[in-house]
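Notes to accompany the following structure.
Read-outs: derived from the displayed coordinates by stated rules, not from any lab. What you see is a predicted model; the values in this text were computed from it and never measured.
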């Protein structure tokens, strides 16, 4: 355990600083997706922000620690912000750099967006390999924009400015 972290994260191979207890929680019908426990890489040249993601649904409670957000990449907030309320064909997909957090977006009639949130740790766990997916639906305008703004604030820690580039969409 890292004695400097109140969240009880085990000491990883990367030195990190616990930032705060800020959270972003998105709730759907009997489903929630929670982002929390922000940590920053300790080295001044390492521009990674780490956090935990927890998904809950009836009969499911899955948590993934050490999710990485590289501040030089296009983040989840930017992906959500780019989902046009007028719609699109097929599925849009965002994957973080470690490929352990995946979000798939599908536009539905009536201005609704379905988001499938998948946690799939790339590190092997004492519990073996696992994957958990929950699906939420939201209004494609103001509700989606509010979630994108909250995640932008969450994923941008002071001293860790976000620099966008066009890479992580598929």
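Relative to its residue count, segment 16-155 spans a Cα convex hull of 113 Å³ per residue. With the biggest extent put first, the Cα atoms of segment 23-96 measure 40, 32, 17 Å across the principal axes.
Length available on full extension from residue 129 to residue 17: 0.36 nm per residue minus the Cα-Cα distance, which gives 37.6 nm.
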